[in-house]
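Peer 1: Just dropping this structure here.
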Amino acid sequence: MYMEKLMRLIEMTPLLLLLFLPSAFAGHDYNQALSKSILFFEAQRSGYLPHNQRVTWRANSGLNDGKASGVDLVGGYYDAGDNVKFGLPMAFTITMMSWSIIEYGKQMGANGELGHAMEAVKWGTDYLIKAHPEPYVLYGEVGDGNSDHYCWQRPEDMTTNRHAYKIDPSNPGSDLAGETAAAMAAASIVFRRSNPAYSTELLRHAHQLFEFADKYRGKYDSSITVAQKYYRSISGYNDELLWAAAWLYQASNNEYYLNYLGKNGDSMGGTGWAMTEFGWDVKYAGVQTLVAKFLMQGKAGLHAPVFERYHQKAEYFMCSLIGKGGRNIQKTPGGLIFRQRWNNMQFVTSASFLATVYSDYLASSRGSLKCAAVNVAPSELLSFAKSQVDYILGDNPRATSYMVGYGNNFPRQVHHRASSIVSFKVDPKFVACRQGYATWYSRKASDPNVLTGAIVGGPDAYDNFADERDNYEQTEPATYNNAPLLGILARLGGAHGGYNQLLPVVVPAPNPVVAKPKPAPKPKFTPTPGIFFASLLNDFPINIVGPTLRN
């Protein structure tokens with residue numbers, strides 16, 4: 001009798017799991033991943049940390065930045081695992097965080113994360129405002145990679161050169177000024193409801209920076225030559241000029257910028273470049289996606305033929321992602337987009353974000369994606385983006401989460417100065433320049449500080465990954481890896497339905513629940529279906545095996 005019951009129970013297990021445990025097959029906790037990915041930005045903060053700082057192992061740093069040049073450049077973000085403030089990737093990070101909020105702020109609000117996301121944007125834009133003290137002057141870097149990389153020090157201990165580098169009419173940088181204009185314009189939309197005065201100030205800076213970028217043309221790394229080894233502008237500046245114009249049009253509704261996109265689309269490559277990548281250097285696919293949106297909104301007017309060409313190139317990009325284009329993007333055997341060995345994840349998150357928003361644009365317009373010989377439903381693009389995010393969170397051949405602190409199997413030896421050295425608050429003893437390498441960098445042990453939410457560089461072309469601190473190509477995180485991910489995670493974690501991305505953007509005001517004291521967060525434990533189900537049925541000493549753990 002007992003054996004019959006047991007066999008019947010085992011046969012019924014899949015059905016019972018589906019009935020009682022829908023969450024067991026729901027995949028990842030995207031809302032938790034969103035919370036963690038925003039938290040990462042607090043670990044990257046430079047300057048005086050605020051009273052509500054949640055990453056408590058960090059302390060104040062870079063407090064004299066800009067002083068030698070007679071300008072206040074305290075604040076902003078360190079870009080990755082070093083202590084330099086690089087303007088181009090920082091501005092791109094702000095643009096992508098803002099775009100994430102513009103599209104999916106409602107979902108972030110429902111998750112209680114909108115306030116944190118907006119604070120992350122403002123930490124960046126407050127710095128960008130300081131970095132733009134005059135209409136035709138923009139500071140684009142503090143510190144230099146060469147002296148910084150010679151040392152392995154906490155930001156709180158920095159002894160490296162903190163020289164500030166700028167662009168001006170004699171030393172132009174249209175790509176840097178253009179991206180910063182885009183960041184300011186996008187952020188102005190984010191703060192329009194909750195902080196109108198700040199929004200207006202950001203838009204004013206954006207207009208000035210666009211004029212500076214367009215009037216005095218040149219590549220920023222020809223002026224700020226110390227950036228060449230680290231953030232070289234290979235694509236030039238035409239993509240940033242178009243990108244800035246698109247964001248300024250979206251933020252201001254000023255026809256000047258719409259006409260700029262129409263008149264310069266062909267000559268500046270917006271309609272000519274068929275892309276298979278998108279990132280801090282190459283913005284064409286982002287421009288094409290935004291202009292396709294304007295076309296779907298019926299805003300093209302006389303520029304419809306040109307905008308249609310942008311639209312075709314946007315579709316080329318989307319088709320390449322899902323393997324149905326003329327030239328498809330390379331993927332690893334496990335299905336991850338693969339572009340390059342060094343920090344490949346930046347391309348994964350950026351491309352997946354474009355696929356996510358484009359899917360919603362198409363669904364809003366009741367359209368479909370037109371690939372080589374087939375029409376594709378918008379949902380296929382969203383499914384693709386989800387597959388990339390799921391890979392990052394642990395659905396991959398190694399069952400490794402490439403988000404630090406998410407799941408159980410994540411990188412422990414991150415290539416990151418602050419997280420790899422004992423916290424200044426635990427041991428304030430000064431760590432000298434080379435001492436950091438000898439004592440901390442070479443340690444074969446887990447980081448003393450968990451860099452929660454950081455997306456590291458990720459695996460190679462064959463899904464292989466080595467969790468070693470000196471493996472900077474794979475274990476170094478970056479702010480621009482995380483920024484596009486905010487939007488995708490909010491979209492995947494939000495309730496389904498009700499997406500009409502072609503309506504005018506209204507970012508909700510953040511949830512004013514900050515006043516309530518929060519209890520210390522308890523570690524979340526999601527049992528496998530087997531353990532949970534077995535505890536419900538502890539009369540039967542059986543081990544029910546659930547699906548593979550997603551770490």
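The values are calculated or read from the model by the stated rules, or taken from the named source; none is laboratory data. Keep in mind that what you see is a predicted model, and the values were worked out from it rather than measured. Cβ sites come from the backbone with ideal geometry, for glycine too, and all protein chains shown count toward neighbours. Note: areas computed on protein heavy atoms with side chains; ligands, DNA, RNA excluded. Shrake-Rupley method; radii C 1.70, N 1.55, O 1.52, S 1.80 Å.
Peer 1: Can you spot a residue in the range 181-197 that is under 27 Å from Arg58 (Cβ atoms) and either open to solvent by 60 Å² or more (accessible area, probe 1.4 Å) or without any contact (Cβ under 8 Å) to a residue 40 or more places away in the chain (or both)?
Peer 2: Yes; the residues of the range 181-197 include at least one that is under 27 Å from Arg58 (Cβ atoms) and either open to solvent by 60 Å² or more (accessible area, probe 1.4 Å) or without any contact (Cβ under 8 Å) to a residue 40 or more places away in the chain (or both).
Peer 1: Are any residues in the range 305-327 over 14 Å from Thr276 (Cα atoms) and either surrounded by 14 or more Cβ atoms within 10 Å (Cβ to Cβ) or at pLDDT below 95 (or both), and if so, which ones?
Peer 2: Matches in the range 305-327: Val306, Phe307, Glu308, Arg309, Tyr310, His311.
Peer 1: Sticking with this one: Gln330 is checked against (1) under 20 Å from the mean Cα position of the chain (by Cα); (2) at pLDDT 95 or above; (3) polar (S, T, N, Q) and fails just one. What number does that condition carry?
Peer 2: (1)
Peer 1: Do we have Pro411 as surrounded by 24 or more Cβ atoms within 10 Å (Cβ to Cβ), assigned to a loop (DSSP other than H, G, I, E, B) and either of a type outside the set (Asp, Glu) or under 19 Å from the mean Cα position of the chain (by Cα) (or both) here?
Peer 2: yes
Peer 1: So the check is Cβ under 7 Å with 6+ separation or different chains; which pairs have a first residue in the range 326-354 that's in contact (Cβ under 8 Å) with a residue 60 or more places away in the chain and a second one that's assigned to a strand (DSSP E or B) and of a type outside the set (A, V, I, L, M, F, W, C)?
Peer 2: Cβ pairs passing all conditions: Phe338/Lys331.
Residue by residue, here is whether (1) in contact with a Ser or Thr (Cβ under 7 Å, 6 or more places away or on another chain); (2) over 24 Å from Arg469 (Cα atoms) holds:
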| site | (1), (2) |
| --- | --- |
| Leu369 | no, yes |
| Ala372 | no, yes |
| Phe384 | no, yes |
| Ile392 | no, no |
| Gly407 | yes, no |
| Pro411 | yes, no |
| Ala418 | no, no |
| Val422 | no, no |
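Peer 1: Give the range 64-99 a look and list any residue that's outside any loop (DSSP other than H, G, I, E, B) and either on the phi > 0 side of the Ramachandran plot or touching a Ser or Thr at 6+ places or on another chain (Cβ under 8 Å) (or both), or say none.
Peer 2: Tyr77, Lys85, Gly87, Leu88, Pro89, Met90, Ala91, Thr93, Ile94, Met96
Peer 1: Could you please tell me which pairs satisfy a Cβ distance under 6 Å, a separation of 6+ or placement on different chains, a first residue in the range 265-290 that is within 16 Å of Ile234 (Cβ to Cβ), and a second residue that is in a loop (DSSP other than H, G, I, E, B) and hydroxyl-bearing (Ser, Thr, Tyr)?
Peer 2: Asp281/Ser235; Val282/Ser235
Peer 1: Among residues belonging to the range 389-398 that are farther than 12 Å from Gly458 by Cα and under 22 Å from the mean Cα position of the chain (by Cα), point out the one that is most open to solvent (accessible area, probe 1.4 Å).
Peer 2: This residue is Asp395.
Peer 1: Same structure, new question: Within the range 247-280, track down each residue that is closer than 18 Å to Leu209 by Cβ, touching a Ser or Thr at 6+ places or on another chain (Cβ under 9 Å) and surrounded by fewer than 24 Cβ atoms within 10 Å (Cβ to Cβ).
Peer 2: Ser252
Peer 1: From the list Tyr139, Tyr127, pick out the single residue that is open to solvent by 10 Å² or more (accessible area, probe 1.4 Å) and either more than 22 Å from Gly493 (Cβ to Cβ) or not in a helix (DSSP H, G or I) (or both). So that I can check it myself, show each step before the final result.
Peer 2: Values: Tyr127 fails: open to solvent by 10 Å² or more (accessible area, probe 1.4 Å).
Criteria check complete, one pass: Tyr139.
Peer 1: Residue under question is Gln312, and the condition is that it be within 27 Å of Glu476 (Cα to Cα) and part of a helix (DSSP H, G or I); does it hold?
Peer 2: No; evaluated as a whole, the condition is false for this residue.
Peer 1: Still on this model: Can you work out which of the residues in the range 38-54 that are part of a loop (DSSP other than H, G, I, E, B) and open to solvent by less than 10 Å² (accessible area, probe 1.4 Å) is farthest from Ser350 (Cα to Cα)? Spell out how you get there, then give the answer.
Peer 2: So in the range 38-54, the residues part of a loop (DSSP other than H, G, I, E, B) come out as 44, 46, 48-54.
Checking which are open to solvent by less than 10 Å² (accessible area, probe 1.4 Å) leaves us with 44, 46.
Numbers: Gln44: 19, Ser46: 24 Å.
Only one residue fits best here, namely Ser46.
Peer 1: Ok, one more. Just a yes or no: is a residue in the range 296-304 part of a helix (DSSP H, G or I) and closer than 21 Å to Asp395 by Cβ?
Peer 2: Within the range 296-304, not a single residue is part of a helix (DSSP H, G or I) and closer than 21 Å to Asp395 by Cβ.
Peer 1: Here is a further query. For residues that are in contact with a helix residue (DSSP H, G or I) (Cβ under 8 Å, 6 or more places away or on another chain), surrounded by fewer than 20 Cβ atoms within 10 Å (Cβ to Cβ) and without any contact (Cβ under 8 Å) to a residue 40 or more places away in the chain, tally how many sit in the range 220-246.
Peer 2: Counting residues in the range 220-246 that are in contact with a helix residue (DSSP H, G or I) (Cβ under 8 Å, 6 or more places away or on another chain), surrounded by fewer than 20 Cβ atoms within 10 Å (Cβ to Cβ) and without any contact (Cβ under 8 Å) to a residue 40 or more places away in the chain gives 1.
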